[in-house]
2 protein chains.
Amino acid sequence: MPEFDCEKPELAFKKTGGLLPAIAQDYLTGEVLMLAYMNEASWEETIKSGMATYYSRSRQKLWKKGETSGHMQVVKEIRIDCDNDTVLLKVDQIGGAACHEGYKSCFFRKVHDGESLVIVEKKVFDPEKVY
Amino acid sequence: MPEFDCEKPELAFKKTGGLLPAIAQDYLTGEVLMLAYMNEASWEETIKSGMATYYSRSRQKLWKKGETSGHMQVVKEIRIDCDNDTVLLKVDQIGGAACHEGYKSCFFRKVHDGESLVIVEKKVFDPEKVY
C-alpha cells in the first residue's frame, strides 16, 4: 500500500514572499522543459483545471501556459518537495515545445568548458510565426 | 556542427537579488532530484570544482552538496535556460540519494486528487544514521 500523508498539501508560499518555483518535466521522457513560478492562485488553478498555470513575474498576473502560443501543458502528475517549497509538474507538452524561442525545452543551451554556450537542441517551431 | 554562442554564460543574478534556482537531475535516468539556489560564488565553485555547490538560504553560506552526508553530486553537464535565470545540472548522485530525508529525490510525494499526499518512493538510507 502507498503511504498516505493525512495532511492536505500545504505549500510554503508565506516563506518565500508568495512565489514558489515550479519545474515542468515531460511526463514520458523526463526532459526538464522549463521553470516558472506559482503563486497560491496559480497553484489552485493548476489543481482545478489540470492545466499548468503559473504567475508571470514580468506581467504580474496569472499565466495559463500556452494561452498565446497554444502550447499548453496538460498536467499528468504533481510532486512537491520535502520542504514544500518547490513544485514538480509532469506534463504532456502540447505542440511539443515549451520554450518561447521555439525549442522543446528552455534548457537548450549547454555550458561548454565553463566558458561558452552551445545550442544542443533543434527548433520545433518558428517563434515569429507563433507570437 | 553545434551552434556556438560567443558570449560567456552570464547568469541573471542581478535580476533576482543574487540567487537563482538550480535543478539537479539524474544524468542517466532524467529523474529530478532536488531544487536548490545558487549565488554567483556557488556557480563559480560548481564550474571550477565540477561538484554541485549551492547557497544555503537557511544557513546563509556556500553549501557543497554532500559535505555532511557524503552524498555529493558530480556534475556531468550544465544547461541554462533561455532567460539566463535558471540552472539545470545533470549529475551523478553519489550514494544514490539527494534528499536529506533518505529518498533518492526530494520529490518523493505525489499530490493525489489535489487533496492529499502520497509517498511514492522508497527510502535509500536512514537519515538518523547519516546526519
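Readers should treat all values here as calculations from the given coordinates under stated rules, not as data from a laboratory. All figures in this text were calculated on a predicted structure; none of them were measured in a lab. No Cβ is skipped: glycine too gets one built from the backbone with ideal geometry, and neighbour counts run over all protein chains shown.
For peptide B:99-106, what's the mean number of Cβ atoms from other chains within 10 Å of each residue's Cβ? Walk me through the numbers before you get to the answer.
Working: counts 3, 2, 3, 1, 1, 0, 4, 7.
Across the residues of B:99-106, the mean count of other-chain Cβ atoms within 10 Å is 3.
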Inset, instruction - Just grab the label-to-label distance for B:Thr16 and A:His100, each label 7 Å out from Cα along the Cβ direction, in nm (one decimal). - result: 1.6 nm
Inset, instruction - Distances from B:Asp113 to the same position in the other copies: list them in nm, one decimal, shortest first, using label points 7 Å from Cα along Cα→Cβ. - result: 5.7
Inset, instruction - Would you kindly derive the ³J(HN,Hα) couplings of the stretch A:103-110 from the backbone phi angles with the Karplus curve 6.51 cos²θ - 1.76 cosθ + 1.60 (θ = phi - 60°), listing them in order in whole Hz, with x for Gly and Pro? - result: 9, 4, 10, 5, 9, 8, 10, 9
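Dividing the convex hull volume of the Cα atoms of the stretch B:20-62 by its residue count, what figure in Å³ per residue is obtained?
Numbers: hull volume 2.9 nm³, N = 43.
Measuring per residue, one finds 66 Å³ for the Cα hull of the stretch B:20-62.
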Legend entry - q = 0.17, 0.24 Å⁻¹, the stretch B:57-128: log10 I(q)/I(0) [Debye, one scatterer per Cα]: -0.85, -1.11
Legend entry - Listed peptides B:27-36, A:9-18, B:53-62 by packing density, highest first (mean Cβ within 10 Å): B:27-36, B:53-62, A:9-18
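Averaged over B:15-25, how many beta carbons belonging to a partner chain fall within 10 Å of each residue's beta carbon? Mind dumping the intermediate values first?
On the way: counts 1, 1, 0, 0, 0, 1, 6, 1, 8, 0, 6.
Across B:15-25, the average partner-chain Cβ count within 10 Å equals 2.
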Legend entry - Axis-nearest residue of B (beta carbon) for the B-onto-A rotation, whole Å: B:Gly30, 1
Legend entry - Viscosity 1.002 mPa s, 20 °C: Kirkwood-radius Stokes-Einstein D of the protein assembly as shown over Cα pairs, µm²/s: 114 µm²/s
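Return the average number of partner chain Cβ atoms within 10 angstrom of each residue Cβ along peptide A:85-91.
Details: counts 2, 8, 3, 9, 1, 3, 0.
Averaged over the peptide's residues, the number is 4.
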Inset, instruction - Determine the relative contact order of the stretch A:18-130: mean sequence separation of Cα pairs under 8 Å and six or more apart, normalised by residue count, in whole percent. - result: 23 percent
Inset, instruction - May I have the extent of the alpha carbons of chain B along their three principal axes, as whole Å values ordered from largest to smallest? - result: 45, 35, 34
Legend entry - Integer Hz, Karplus 6.51/-1.76/1.60 couplings in order for the stretch A:83-93, x for Gly and Pro: 8, 6, 10, 9, 10, 10, 9, 9, 10, 9, 7
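Which pairs in the list A:Lys129/B:Lys110; A:Lys15/B:Lys61; A:Lys48/A:Lys129; A:Lys65/A:Lys123; A:Lys104/B:Lys110; A:Lys8/A:Lys104 are over 29 Å apart, alpha-carbon to alpha-carbon?
Values: A:Lys129/B:Lys110 37 Å; A:Lys15/B:Lys61 18 Å; A:Lys48/A:Lys129 31 Å; A:Lys65/A:Lys123 19 Å; A:Lys104/B:Lys110 25 Å; A:Lys8/A:Lys104 33 Å.
The pairs that break the limit, which is 29 Å between Cα atoms, are A:Lys129/B:Lys110; A:Lys48/A:Lys129; A:Lys8/A:Lys104.
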Inset, instruction - Please list the non-local residues whose amide H lies under 5 Å from the amide H of B:Glu77, H modeled 1.01 Å from N, same-chain partners needing a gap of 5 or more. - result: B:Lys90
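So if R0 is 35 Å, what FRET efficiency would A:Val118 and A:Leu28 give, r being the distance between their Cβ atoms, rounded to the nearest 0.05? Working shown, then result.
Values: r = 25 Å, r/R0 = 0.73.
According to the calculation, E is roughly 0.85.
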